[in-house]
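Trainee: Got a structure here, written out as structure tokens. Questions coming.
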Amino acid sequence: MTTNYDPITEQYKRSKQQPWRTFIECFTLLELAGDPQGLSVLDVACGEGFYTRMIRERGATRVMGVDLSQGMIELAQKQEAQNQQGIDYIVGDARELPVAEQFDLTIAAYLLNYARTREELQSMCNGIANSLKPGGRFVTVNSSPMFHFPGSPSFRHFGFETSASTDWQEGTPITWTFHLEDGPFDIENYHLTADTHEAAFRAAGFNEVRWHAPQLSPDGLTNNTPEYWSPLLSNSPITFIECVK
Ligand SMILES: C[S@@+](CC[C@H](N)C(=O)[O-])C[C@H]1O[C@@H](n2cnc3c(N)ncnc32)[C@H](O)[C@@H]1O
């Protein structure tokens with residue numbers, strides 16, 4: 001199990017090809033991000049640049065990606081070198097965000113769930129709030145604090161499974177196992193409650209906090225029924241949050 005992405009950069013990139021990522025995760029996150037045309041955008045925990053590239057392609061003028069993993073940033077930079085989009089990628093820790101500039105929009109896909117404690121979450125939220133201009137928005141997707149991971153059903157037919165210890169409290173590790181054609185790999189993140197998140201956003205200076213349920217892209221119904229998707233839509237292991245500074 002790892003929170004270090006350096007050894008799993010390629011595997012993680014391939015896990016983004018699973019259909020639920022496209023039709024639920026990506027669809028909902030980009031809907032919440034809205035039209036980035038003309039905006040400056042920071043992607044925190046950008047990984048190998050999955051969303052960073054999409055936001056740039058959709059018209060954001062200035063785009064920067066930050067990630068803790070040197071390996072992830074190298075993979076992002078390799079793709080930037082192959083297809084130059086003018087995105088800046090830097091290695092950095094969101095608990096001490098190394099960004100002086102202020103942006104119109106900051107996004108983070110699966111960052112906050114790496115906070116093991118309220119203090120770590122607060123540091124991340126403070127840095128994110130500081131990265132935004134007044135009125136700027138923060139949009140994120142995470143493991144859902146409302147989902148009871150110790151009692152998780154199987155999500156195997158979507159290509160992943162989740163589990164956690166029955167000692168369910170703040171800081172309890174959550175394991176995500178992704179099944180790829182060449183075998184599974186695990187990542188680990190952590191549980192903090194929804195109230196802890198709300199308090200951290202407010203203390204960081206966000207005026208509005210809205211939680212959003214996952215949405216299914218209409219294209220997701222081309223090959224699968226609503227019943228197929230329902231485990232990811234009702235009582236979902238992921239949630240989306242939008243905050244306005
Ligand atoms: C699940 S991956 C998501 C990557 C990307 N956002 C995506 O959706 O493809 C989580 C990423 O968070 C990064 N990460 C974890 N803790 C971090 C921290 N404290 N600061 C910055 N990045 C962090 C990891 O290195 C990893 O690349």
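The values are calculated or read from the model by the stated rules, or taken from the named source; none is laboratory data. Since this is a predicted model, take the numbers as computed values, not measurements. For neighbour counting, all protein chains shown are included, and Cβ atoms are generated from backbone atoms with ideal geometry for every residue, glycine included. With ligands, DNA and RNA removed, areas are computed over all heavy atoms of the protein, side chains included. Shrake-Rupley method; radii C 1.70, N 1.55, O 1.52, S 1.80 Å.
Trainee: Which one of Thr140, Thr61, Thr52 is near the ligand (Cβ under 9 Å from one of its atoms) and hydroxyl-bearing (Ser, Thr, Tyr)? Before the answer, list the steps.
Mentor: On the way: Thr140 fails: near the ligand (Cβ under 9 Å from one of its atoms); Thr61 fails: near the ligand (Cβ under 9 Å from one of its atoms).
Being near the ligand (Cβ under 9 Å from one of its atoms) and hydroxyl-bearing (Ser, Thr, Tyr) holds for just one of Thr140, Thr61, Thr52, which is Thr52.
Trainee: To continue, here is another question. Could you say whether any residue in the range 51-73 is in a loop (DSSP other than H, G, I, E, B), in contact with an Asp or Glu (Cβ under 8 Å, 6 or more places away or on another chain), of a type in the set (Ser, Thr, Tyr) and open to solvent by less than 50 Å² (accessible area, probe 1.4 Å)? Before the answer, list the steps.
Mentor: Going residue by residue through the range 51-73, those that are in a loop (DSSP other than H, G, I, E, B) are 58-61, 68-69.
When the remaining residues are screened for being in contact with an Asp or Glu (Cβ under 8 Å, 6 or more places away or on another chain), the result is 58-59, 68-69.
Now drop any that are not of a type in the set (Ser, Thr, Tyr), which leaves 69.
Within this subset, residues satisfying the condition of being open to solvent by less than 50 Å² (accessible area, probe 1.4 Å) are 69.
Yes, the range 51-73 contains at least one residue that is in a loop (DSSP other than H, G, I, E, B), in contact with an Asp or Glu (Cβ under 8 Å, 6 or more places away or on another chain), of a type in the set (Ser, Thr, Tyr) and open to solvent by less than 50 Å² (accessible area, probe 1.4 Å).
Trainee: Now for a separate question. Determine if the range 180-195 includes at least one residue that is of a type in the set (Asp, Glu), out of contact with any helix residue (DSSP H, G or I) (no Cβ under 8 Å at 6 or more places or on another chain) and within 18 Å of Thr117 (Cα to Cα). Break it down into steps so the answer makes sense when it comes.
Mentor: So in the range 180-195, the residues of a type in the set (Asp, Glu) come out as 181-182, 186, 188, 195.
Adding the requirement that they be out of contact with any helix residue (DSSP H, G or I) (no Cβ under 8 Å at 6 or more places or on another chain) leaves 181-182, 186, 188, 195.
Now narrow it down to the ones that are within 18 Å of Thr117 (Cα to Cα): 188, 195.
Looking through the range 180-195, at least one residue is of a type in the set (Asp, Glu), out of contact with any helix residue (DSSP H, G or I) (no Cβ under 8 Å at 6 or more places or on another chain) and within 18 Å of Thr117 (Cα to Cα).
Trainee: State whether the residues of the range 5-17 include one that is over 20 Å from Gly183 (Cβ atoms) and either part of a strand (DSSP E or B) or open to solvent by 20 Å² or more (accessible area, probe 1.4 Å) (or both).
Mentor: Going through the range 5-17, the residues over 20 Å from Gly183 (Cβ atoms) turn out to be none.
Checked the range 5-17: no residue is over 20 Å from Gly183 (Cβ atoms) and either part of a strand (DSSP E or B) or open to solvent by 20 Å² or more (accessible area, probe 1.4 Å) (or both).
Trainee: How many of the residues making up the range 105-117 are away from the ligand (no atom under 12 Å from the Cβ) and farther than 15 Å from Thr52 by Cβ?
Mentor: 1
Trainee: Would a scan of the range 74-81 turn up a residue that is within 11 Å of the ligand (Cβ to nearest atom) and open to solvent by less than 60 Å² (accessible area, probe 1.4 Å)?
Mentor: Step one: list which residues in the range 74-81 are within 11 Å of the ligand (Cβ to nearest atom), which gives 75-76.
Among the residues that remain, those that are also open to solvent by less than 60 Å² (accessible area, probe 1.4 Å) are: 75-76.
Among the residues of the range 74-81, at least one is within 11 Å of the ligand (Cβ to nearest atom) and open to solvent by less than 60 Å² (accessible area, probe 1.4 Å), which makes the answer yes.
Trainee: Checking the conditions here, which among Ala108, Ala94, Ala45, Ala100 is closer than 23 Å to Ala203 by Cβ and at pLDDT below 95? Working first, answer last.
Mentor: Numbers: Ala108 fails: at pLDDT below 95; Ala94 fails: at pLDDT below 95; Ala45 fails: at pLDDT below 95.
Going through Ala108, Ala94, Ala45, Ala100 in turn, just one is closer than 23 Å to Ala203 by Cβ and at pLDDT below 95: Ala100.
Trainee: Under 6 Å between Cβ atoms, at least 6 apart or on separate chains: pull out the pairs that start in the range 149-166 with a residue that is exposed (fewer than 11 other Cβ atoms within 10 Å of the Cβ) and end on any residue that is of a type in the set (Gly, Ala, Ser) and part of a helix (DSSP H, G or I).
Mentor: Taking only residues 6 or more apart or on different chains, not a single pair turns up.
Trainee: Filter the strands (runs of 3 or more DSSP E) completely within the range 151-239 down to those with at least 2 residues that are basic (Lys, Arg).
Mentor: Values: elements: 160-164, 173-180, 183-190, 208-212.
Fully inside the range 151-239 and qualifying: nothing.
Trainee: Considering only the range 130-148, how many residues are surrounded by 20 or more Cβ atoms within 10 Å (Cβ to Cβ) and aromatic (Phe, Trp, Tyr)?
Mentor: Final tally of qualifying residues: 1.
Trainee: Here is a follow-up. Inspect the range 30-46 for any residue being hydroxyl-bearing (Ser, Thr, Tyr) and open to solvent by 10 Å² or more (accessible area, probe 1.4 Å) and give the result as yes or no. Write out each step before concluding.
Mentor: Our first condition is that a residue be hydroxyl-bearing (Ser, Thr, Tyr); within the range 30-46, this holds for 40.
If we keep only those that are open to solvent by 10 Å² or more (accessible area, probe 1.4 Å) too, we end up with 40.
Yes.
Trainee: Filter the range 76-107 for residues that are within 13 Å of Leu132 (Cα to Cα) and in a strand (DSSP E or B) and give the result. Break it down stepwise before answering.
Mentor: So in the range 76-107, the residues within 13 Å of Leu132 (Cα to Cα) come out as 97, 99-107.
Hits for the range 76-107 are Phe103, Asp104, Leu105, Thr106, Ile107.
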